[in-house]
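Working notes, structure below.
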Amino acid sequence: MSATLDYPAPVAASRDHPATVTPETEKTQRALIDASTRVPVILFYGSAIFWLLIGSLLALVASFKLNEPSLLNQWGWLTFGRVRPAHLNAVVYGWASAAGIGTSLWLMARLCRTPLRHTKLLIGAAIFWNIGVLLGILGILSGDGRSIEWLEFPNYASFMLFVAFGLIAVWAILMFRFREPGHIYVSQWYLLAAFLWFPWLYSTANILLNFQPIQGGGQGAVNWWYAHNTLGLWFTPIGLASAYYLIPKVLGRPIHSYYLSILGFWSLALFYSWNGMHHLIGGPFPAWLISASVVASVMMFIPVITTAINHHMTVRGNFQALKWSPTLRFTVFGAMCYTLASLQGISMAIPSLNEVTHFTHYTVGHAHLGLYAFFTMIMFGAMYYILPRVVGWEWPSARLIRWHFWLAAIGIGMMVVVLTLGGLLQGLALLDPEITFMASLDYTKPWLFLRSISGLLLTAGHIVFAVSFTLLLLKVGATRNEPTLFMTEQDRQPEPISA
Amino acid sequence: MNRMPVIIIGVFLTFLCSWLGLVAYPYFNLARYTPVVDENTGDINPPPLSGLAERGQLVYASSGCVYCHSQQVRQVGYGSDLARGWGSRPTVARDYMRESPVFLGTMRTGPDLTNIGARQPSVMWHHQHLYQPAVVSPGSIMPSFRYLYETRKIEGQRSAEAIDVLPPDNPPEGYEIVPTYQAEALVAYLVSLNRNYPLPEAPEPPQ
């Protein structure tokens, strides 16, 4: 039983695996591959969790400032207009990207079925990446921020990130070059695509907006092409790759449909990349440019529903596994929120609805539904699966994991609900010129206070997770022979999967 | 899909397509504007910024004003921008030819500032408002930008640039509050924001 749970038959590889390989050899091979990823994965994960804590702290400061503007207002480096972008960049580059890279490294090694090569490249990349994020956050707080949403880092910081990313991209190509021959699993398509798209995206946007800025009229388009594609072509593929790997892995059954995976992948590549201009509806841009993005946004229905069906059908009949597996609970929560966030995003691109939600906190709620409820929860799920395998120690406490899950789930649920309601009231008030502007602001105030409370819940969850991670690294607790689950084997009635 | 080249070429082509549409097109068509000379008045539109205002644009960026204030007046049918008196016409790409970075914005926790210089031309009002927003504009949740101002001991006469600060933020007896160079620059930029000039591609809508 525990062996199956620990290392179920590799779904990805099953098609082409030579029959001569015994399960024991496979298990040893996987253990070798996992061990080879130890240092870079722990570096990326550890720094990601550090930036998650810093990002949460910055978020709390920014959020409480909207409730009480006189809070900490004597220092320029803590003014709202700096703390807010510092929060965004800390969580986007410090946390989400680093967690995504850590997850990708491990997935790539597993799926290429080869121990990780050129570890030094990755260690170098992790160091560059973290120096870049540190310089960037300090730069924003000290007044060097560029006020270009998602690209606030000053040039000296974004250059470091680019170098780090260059090293990772070179490494990724080398990994694929030396992979074991055979089937290329759906997670690998997404990872390969993300690792090719992001450097192109990041360099184009930084050159045209920060190094050799073009005229303002063009900047808006490039800005939102970048910002939306960072979500769509960087975080989304990594999140989906992780879900596509972990859901079948934990359940020990294959993905429902190979053809739906293909459809989902190519329709995402084709449509997501055109979405960005829906952030500029009504703005000073040619109508066709905006319309193209609105159409592409609506077409996102295809990849979203395809992936949702594929994941749902894979889990169907095994939902009770969510009761015992932390990895699955976080991952399925994230996968469901991917569908929700995407459907909400599609609706927000429709001009008549956009007229209400544009320029309001509704959009902020949507951003957190995407980057937190979907991506961050999937990353937590991946970390719960990967870390014990690379550290060689099981999670010390199921209770801590349970606290983490509920604080995160309730916190993000509350945040999205209150920002959505507050944003709708704000948007409807802004639409009516008879209502004063100040009244539109007054409508949001109670909701913004509740948002701060939800932020406290999330931060508490992050602290619990950081404690859990530290205990794991220190190998605290009793030696366990099987994964730390929410329920012990005796509690599980009936058995979720057959041994 | 077991063939790497198919995946790589597909990934490359789909992305190239959006790069051409959403980056190359704006680069060649939305970022190559020249100013227009108004035949009636001889004015150059959009007008160039003064040196101080250009400096203020950077203060605006480093203070993160864009996270609460947009600078775009949308067309009729997209919100109530014109009805709120935020501009006499919708803004177009040429309006932003001198802006870098551009502050179009995505949030209106505060009002749109496209034409704040036309609505509030008073330099003193802006200084007071930046120093004590909630006093000047009751209900506002804008932070005070007092770190851009100095509290100075009055030597002889009160200086001409000192700002009138109302209680409870007023300085102690014998002291005055004066703007730093950064505050002067920021306000110069704010009062320069006036895009109510005519452009051939953006006629004022009929009232």
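Note on B:L13/A:R177: beta-carbon distance plugged into 1/(1 + (r/R0)^6) with R0 of 25 Å gives a FRET efficiency of 0.70. Label separation (A:L428 vs A:H118): 5.6 nm, computed from points 7 Å beyond Cα along the C-beta direction.
The charge dipole of the stretch B:50-192, taken about its Cα centre with unit charges on the Cβ atoms of Lys, Arg (+1), Asp and Glu (-1) only, comes to about 500 debye.
A simple spin-label model places the labels of B:V136 and B:A83 2.9 nm from each other, with each point 7 Å out along Cα-to-Cβ.
Loop only per DSSP, at most 14 neighbouring Cβ atoms within 10 Å: give me the GluC sites (Glu not before Pro) in the stretch B:159-196, ordered by residue number. Taking the stretch B:159-196 and a limit of 14 other Cβ atoms within 10 Å, the loop GluC sites (Glu not before Pro) found are B:E161, B:E173. Entry note, chain B: the mean residue ellipticity at 222 nm calculated from DSSP H runs of n ≥ 4, each adding -39500 (n - 2.57), is -8500 deg cm²/dmol after division by the residues and rounding to the nearest 500. Normalising the average separation of contacting C-alpha pairs (under 8 angstrom, six or more residues apart) by the number of residues puts the relative contact order of the stretch B:68-135 at 41 percent. Fully extending the segment from A:R316 to A:W288 would add 5.9 nm, taking 0.36 nm per residue of separation and subtracting the current Cα-Cα distance. Spin-label pair A:W75-A:I127: with each label point 7 Å from Cα along the Cα-Cβ axis, the two points sit 3.0 nm from one another.
Fully extending the segment from A:R399 to A:L263 would add 45.0 nm, taking 0.36 nm per residue of separation and subtracting the current Cα-Cα distance.
Here r is the Cβ-Cβ distance between A:V170 and A:I410 and R0 is 45 Å; the resulting FRET efficiency, rounded to 0.05, is 0.60. Bridges between two residues of the protein assembly as shown, per DSSP, are antiparallel at a rate of about 90%. Quick one: check the C-alpha center-to-center distance for the stretch A:220-265 versus the stretch A:119-187, whole angstrom. If we compute the Cα centre of each part, the gap is 20 Å. Computed FRET efficiency, Cβ-Cβ of A:L32 and A:K323, R0 35 Å: what is it to the nearest 0.05? Rounded to the nearest 0.05, the efficiency is 0.60.
Assuming charge only on the beta carbon of Lys and Arg (+1) and of Asp and Glu (-1), the dipole of the stretch A:56-214 about its Cα centre is about 480 debye to the nearest 20.
Relative contact order for chain A: 17 percent, from Cα pairs under 8 Å spaced at least 6 residues apart, divided by residue count.
Coordinate-derived values only; no laboratory data. A quick note: this is a predicted structure, and the numbers were derived from the prediction, not measured. Glycine also receives a Cβ, built like all others from the backbone with ideal geometry; neighbour counts cover every protein chain displayed.
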